[in-house]
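To start, the structure under review is shown below, and the notes come after it.
Just so you know, all these numbers are worked out from the coordinates, no wet-lab data involved. Just so it is clear, the model here is predicted, and its values are computed rather than measured. Here the Cβ positions follow ideal geometry from the backbone for every residue, glycine too, while neighbour counts run over all protein chains shown.
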Amino acid sequence: MIATATTSSWLPQAASTQSQGVDPAFYGVYVVGAFAVILVAGLAMTFVRQFPRKGENERGLGDARPNVKLQAAWVLAALGVAIYAFTAGLPGFLDANAAPWMSYRVLVATSQDGYKFTYPNGHIADTLHVAINRPVRLDATTADVIHTLHAPALRLNEPVLPGRTAQAWFNATTPGTYELRSAVYGGDRYQDMRTAVVAHNPADFDAWMIRVSDVFAGRTMEQAGELLYVTKGCKTCHSIDGSKLVGPSFKNVFGHQFDTREGVRITADEAYIKESILKPNVSVIAGFEPVMTPFEGKITDKEIAGLTAYLRTLSDLGGKPAGADSTTAKPAGKEVAAVAAPAAPATPHGGK
Amino acid sequence: MSSPVNKAAGANWLTTTDHKQVALQFLWWTLGAFLLGAIYAVILRMRVTSALVDPALYRQMLTQHGILMVFLFLIPAIPSVLGNYMLPLQLGAGEFRLPWLTRLSLRLQILGTLALVLSISIKPVGAGWTFITPASLTGPGSFALLTTALALLAGSWLASGVNVIVTVHHGRRPGMGFFQMPVFAWSLYLTAFAQVIAGTLFGILVIYLAAARGSAAGPFGANADPLLWQGYFWLAVQPLAIFALLPAAGVITEVIAGVSRRPVVGYRTVVGSLIALLALGFCTFGVHLIGKGQSPALSFAFAALALVTAVPVALLTFSWLSTLYRGSVACAAPTTFVVAFLLCAGIGVMSGLMLCTLSTANYLANTVFATGHLHYIMMGGVMTAFLAGLHYWWPKMFGHMYSPLLGRLSGMTYMAGFNLAFLPQLIQGARGLPQGLATVPAGLRGTDLVATIGMWILTTGLVMIISNLFGALHDGEKAGENPWGATTGEWRSGAVGGDPYVP
């Protein structure tokens, strides 16, 4: 599964554009360094053989003055090597510190339990799936100790420190599955602190994302609604335990009657809930400000239905859903589930 | 004064302030720590290869191996054994100027070693020898004893550092100027500053770490920036590494001049390079934080500064090679170890160059490439120089000469084994293997097997070295007063001033 290196080279086979900043610098410094080591050790061995002690009382040359011209050349050569190493490593280093504009942004939550990746659409997974030739930016945090994002094939090696958001990016070039793990001891489970990066062709990635991020697949409408409550961000302003946040709690809303700011008495039925999601500031319940972002165009009818089903479960007046029994998903949902379920641990291109 | 230690003189080993007797006791204590650390190394390597692994136990052993080797052996070995023995003789001082500090540094070393062994036998700490916070603030282990041990060792370095500085300033033979001191004496003098400054800092740091662990108090406790500890740790330990490397460079200079019977070529350049290395050692701790979360601007600055180290290193190498050139080079064990040093320390420096090249430094951070680099510098450099020095000064210290042939053979075995054992780490690290894993992935089993074979060859070399050296105490030939025909003070008492390398 895990991509391994060709045995002829020092570095693993590169699978991202990051290698352009690392590999030439590595091999350049390697060649220069190996030459220097062989030169020094070779000269020492040569001199030991060339000037052996011939007599018991023989002494070496008494003159201790160095050959100044040779010395200057030697030092300048060493300084040249140092400057070369610095300039060779600089572009890749600077490049690694600045993710390109409009990179695909994935949030990474690390802890001693492992990695969690949150995609822009709210999908959460414990492996990192990406599309090739699309820069991916990782914004990573840790819940406990220092962990790292270490994926050698992608030339990715980013430490994640408590109290900070680490930022790293890469642009995969070859489809495949690559190991991603932590390279810093973070407790007894350090050995298993690892996951994988799966790089897909862009079309496959989009298809994968649609498949796995269908919240209705394998879930009842109520369960889908519960998940949407988190991923759509409702949770930020609406509690489910009756406590008052920015907006009204979702507890005991469905089916109850409320007064709006204008003094109109309404019933929180399906129609009102749909309106409150799409055009939330038209009919605001008394005691709250009209500050919610309208979701018109950002949410599907089916998702609204899911949320409504979830709100029913939170209300003592929720009762049976209107119409058909929806304790299982609607037919459309069933189809998706049937397609998605067997293919869930998808690794379309396999390892190399 | 230039005769070997006379055990018959009723020496009381516990109360002595005699620099030779203290030096010999340091030899037993540091060698003991080395052997314990080496046993850990053998077990660690076998477990990696056999994959019969309990990660927590592996972690503890790795931690203890690192602590024993770095803090109980590599840092003190050369100054405390060779330095304590040779410095007063090289200066013509007869004795350290503050003999009670000589004794104190030994006692603190003994207490520190005992406290460490006690902490291992009660419950070993598994936080890694660099104690990266916040992971090191929790987890099992008798941490209080461990930090006590490290603080005691730091006290030992401080005592010895003050003693060396005072002795160099006030104990030189009349007529001997600073620039008439042998290079080894210079290297010990410079190291003493690192001992005093960085040793004190290190002692304070481990106490703060213990406070943070015990009660979340102090600068490394609750809500501390996790990089703060790493920054301070390397601020202290980078000079301490220099504190191991400077005397190593001093030993190599001395041995090369001795075996080739030539004055050190460019004596003042060598001394200047050592001063520059000391100064750079205090300024370059940040290279250890590249790829660890340090700001890019700081990584940029530290990498640039660290690369300046190329100049003094090149000057030293130039002088060493020039001194061998047109010398009368003895075909002897110290010569073999000098060549081994140049090869191994050379690979150490060049792998270090890759860890200062910004983009590769980021890529290689936390991999076993860094571990391999550390071993090339600390074992390939410091340990090899220590062995070169031991073989060079053994007839001086014990009055007996070991077998020269076995000495050379053991040196070659050591060099071959060392490279076979640690070159695979550089390769595995470049492939991306992180530090501290109890098993290696299938793709790296081949290189791992090579490392294990190398380790056994290295062990064979070390057994040959130890049996040759200590065997000489039993049946070795009586060594003459000056078997190498060297010119520095420890070989001929009452020498006149002037260039220490001119007969």
Residue exposure sequence - B:Cys344, B:Cys331, B:Cys283 - by fewest surrounding Cβ within 10 Å: B:Cys331, B:Cys283, B:Cys344
Euclidean distance of C-alpha centroids, the stretch B:224-279 and the stretch A:115-190, integer Å: 39
Using a Förster distance of 60 Å, the FRET efficiency for A:Thr236-A:Lys69 (Cβ separation, nearest 0.05): 0.25
For A:Gly255, residues with placed amide H under 5 Å, excluding near neighbours: A:Ala268, A:Asp269
Overall Cα dimensions of chain B, principal axis frame, Å, largest first: 60, 46, 46
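At a threshold of 8 angstrom on Cα-Cα distance, excluding pairs fewer than six apart, so keeping six or more, what relative contact order does the stretch B:361-448 reach in percent?
RCO, the stretch B:361-448: 54 percent.
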Acute angle (nearest 10 degrees) that the helix B:19-50 long axis makes with the longest principal axis of chain B, alpha-carbon atoms: 40
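Over all residues in A:92-99, what is the mean tally of Cβ atoms on other chains that come within 10 Å of each residue's Cβ?
5
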Dipole of the stretch A:91-235, positive end: most advanced residue of A:Gln167, A:Val198, A:His147 [Cβ charges, Cα centre]: A:Gln167
Over chain A, relative contact order from alpha-carbon pairs under 8 Å, at least 6 apart, %: 16
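Within 10 Å of each Cβ in B:106-119, how many Cβ atoms from other chains are there, averaged over the peptide?
Mean partner shielding for this stretch: 0.
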Between 0 and 90°, nearest 10: helix B:143-170 axis offset from chain B longest Cα axis: 30
Under-5 Å amide H pairs with A:Ala196, H placed in peptide plane, nonlocal only: A:Leu128, A:Leu180
Mean separation of Cα contacts under 8 Å (6+ apart) over length of the stretch A:155-289, as relative contact order %: 11
Kirkwood Rh in Å, taken over all unlike Cα pairs in the stretch B:367-480: 15.3
In sequence order, calculated HN-Hα J values of the stretch A:23-36 (Karplus, 6.51, -1.76, 1.60; Hz; x Gly/Pro): 4, x, 5, 4, 5, x, 5, 4, 5, 4, x, 4, 4, 4
Loop GluC sites (Glu not before Pro), the stretch A:208-292, which have at most 13 other Cβ atoms in a 10 Å radius of their Cβ (DSSP): A:Glu262
Beta bridges by DSSP in the protein assembly as shown, antiparallel share as percent, to the nearest 5: 75
Space enclosed by the convex hull of the alpha-carbon atoms of the stretch B:22-157, per residue, Å³: 103
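How big is D, in µm² s⁻¹, for the protein assembly as shown by Stokes-Einstein at 4 °C and 1.567 mPa s if Rh is the Kirkwood radius over C-alpha pairs?
The estimated diffusion coefficient comes to 43 µm²/s.
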Order of B:Trp100, A:Trp169, A:Trp74 - criterion: other Cβ atoms within 10 Å of each residue's Cβ, fewest first: B:Trp100, A:Trp74, A:Trp169
Pairs from A:Lys116/A:Lys302; A:Lys235/A:Lys298; B:Lys396/B:Lys478 whose Cα-Cα separation, in the structure shown, is over 19 Å: A:Lys116/A:Lys302
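Given R₀ = 51 Å, what would the calculated FRET efficiency be for A:Asn121 paired with A:Leu39, taking r from the Cβ atoms and rounding to 0.05?
With a Förster radius of 51 Å, E is 0.35.
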Averaged over A:154-167, number of beta-carbon atoms from partner chains that fall within 10 Å: 4
Per-residue [θ]222 nm for chain B (sum of -39500 (n - 2.57) over DSSP H runs n ≥ 4, rounded to 500): -22500 deg cm²/dmol
Relative packing of peptides A:116-127, B:354-365 - highest average C-beta neighbours within 10 Å first: B:354-365, A:116-127
Table column - 3J(HN,Hα) (Hz), the stretch B:306-319, Karplus curve with 6.51, -1.76, 1.60, x for Gly and Pro: 5, 5, 4, 3, 3, 5, x, 5, 5, 5, 4, 4, 4, 5
Integer Hz, Karplus 6.51/-1.76/1.60 couplings in order for the stretch B:117-122, x for Gly and Pro: 4, 4, 5, 5, 6, 6
Cut-off under 5 Å, modelled amide H: who pairs with A:His147 long-range: A:Val160
The stretch A:211-275 versus the stretch B:68-131: alpha-carbon centroid distance in Å: 69
Two-decimal log10 I(q)/I(0) for chain A, as the Debye equation yields it once each C-alpha is a single scatterer, q = 0.07, 0.08, 0.13, 0.16 Å⁻¹: -0.50, -0.60, -1.10, -1.33
With Cα atoms, 0 to 90° folded angle of helix B:55-67 axis to chain B main axis: 30
